[in-house]
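Input: a single structure, listed below in structure tokens.
The values are calculated or read from the model by the stated rules, or taken from the named source; none is laboratory data. Everything quoted here is computed from the prediction, not taken from an experiment. Glycine also receives a Cβ, built like all others from the backbone with ideal geometry; neighbour counts cover every protein chain displayed.
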Amino acid sequence: MTAAADPTQAMVDLSCRELKLPGLRTGYAAIARDATSQGQNYVAFLAACLSHELASRRQHRLNARLGQARFPSPKTLESFDFLALPQLPKAQILSLADGAFIRKRENVICLGQTGTGKTHVAIGIGIGAIQAGYRVRFIPAIILAQELLAAQQECRLPRYLKSWHKIDLVILDELGYLGLGPGGPLLFQFCADRYERASLLITTNLDFARWNEVFTDATLTAALLDRLTHHAHIFLFEGESFRFKESRRQHQHPGTATGPDVPT
């Protein structure tokens, strides 16, 4: 008798669908075979089924949150070349991946020249936070400023700001690379709205003294920095651009394959 014609298996499949147990529905047959071959009792078999369903749900939740984070590419802290930036406190950065700073509503600021790995580290911390159970969203600063401006023009700014309250960590990438124009004051409002409510992780190529070039208002900039740095981990990325080094290496050794993960 085939599996499709077996009424018992059909009932299990139907029950799993109705009870919304997708992991168990796809995995119970293999679990049953293992239980039979190992001579397990019914309780052990049931425990294995429930464990499989829980693992399936955790993986589904992890995949969903990774998708919701909208990372431009997957990057891990394990793949980051800390040896290229010896002044960067590796242990301290790795410790952030458990998300404890999010629970404390602290911020992280990665500051340094283009190509030194700020975005790579930010994404690595973000992925670690998701694995720890937090909700994360990655967004370039200029895109967020444009979305805030559009929300204001459409009279839905309060609702838009509130929609971010469910995000535990916002990774604001590339602050300072482009001027924010009329979106600058709105980005200040966004950051102020999260102050001591939830965490921000900001990557920037500008020293704090130059942030008024982005926000164009010294008073506004000072107020923003006061809030952001009140509870913050600040890291300086000092070194040669990874992309520049990779380009130079290719010119020196033509035909050599590029590395799989060049930091930004």
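A few comments on the model shown:
- Selection from the stretch 62-88 of residues that are free of Cβ contacts under 8 Å to residues at least 12 places away in the same chain and aromatic (Phe, Trp, Tyr): PHE82
- THR26 under 35 Å from the mean Cα position of the chain (by Cα), farther than 30 Å from THR203 by Cα and either assigned by TED's automatic domain parsing to the domain that holds HIS120 or β-branched (Val, Ile, Thr) (or both): yes
- Qualifying positions in the stretch 97-128 - closer than 19 Å to LEU62 by Cβ and in contact with a Lys or Arg (Cβ under 6 Å, 6 or more places away or on another chain): ILE123, GLY124
- Any hit, the stretch 121-135, residues being under 20 Å from THR204 (Cβ atoms) and without any contact (Cβ under 8 Å) to a residue 24 or more places away in the chain: no
- Of all the criteria given as (1) part of a loop (DSSP other than H, G, I, E, B); (2) assigned by TED's automatic domain parsing to the domain that holds PRO22, the one not satisfied by LEU62 is (1).
- Comparison of ALA29, ALA55, ALA69, ALA35 shows that the only residue that is more than 30 Å from THR119 (Cβ to Cβ), surrounded by 16 or more Cβ atoms within 10 Å (Cβ to Cβ) and either among the aliphatic types (A, V, I, L, M) or at pLDDT 95 or above (or both) is ALA35.
- If you go through the stretch 161-185 and keep only what is touching a Leu at 6+ places or on another chain (Cβ under 7 Å) and surrounded by fewer than 21 Cβ atoms within 10 Å (Cβ to Cβ), you end up with GLY176, PRO182, PRO185.
- Look at (1) of a type outside the set (D, E, K, R); (2) within 15 Å of the chain's Cα centre (by Cα); (3) over 30 Å from GLY23 (Cα atoms) and you find that PRO89 fails only one, number (2).
- Looking only at the stretch 162-198, and only at residues there that are part of a loop (DSSP other than H, G, I, E, B) and hydrophobic (A, V, I, L, M, F, W, C), the one that is nearest to ARG135 (Cα to Cα): ILE167
- Of GLY99, GLY117, all but one fail to be closer than 14 Å to THR203 by Cβ and buried (at least 21 other Cβ atoms within 10 Å of the Cβ); the exception is GLY117.
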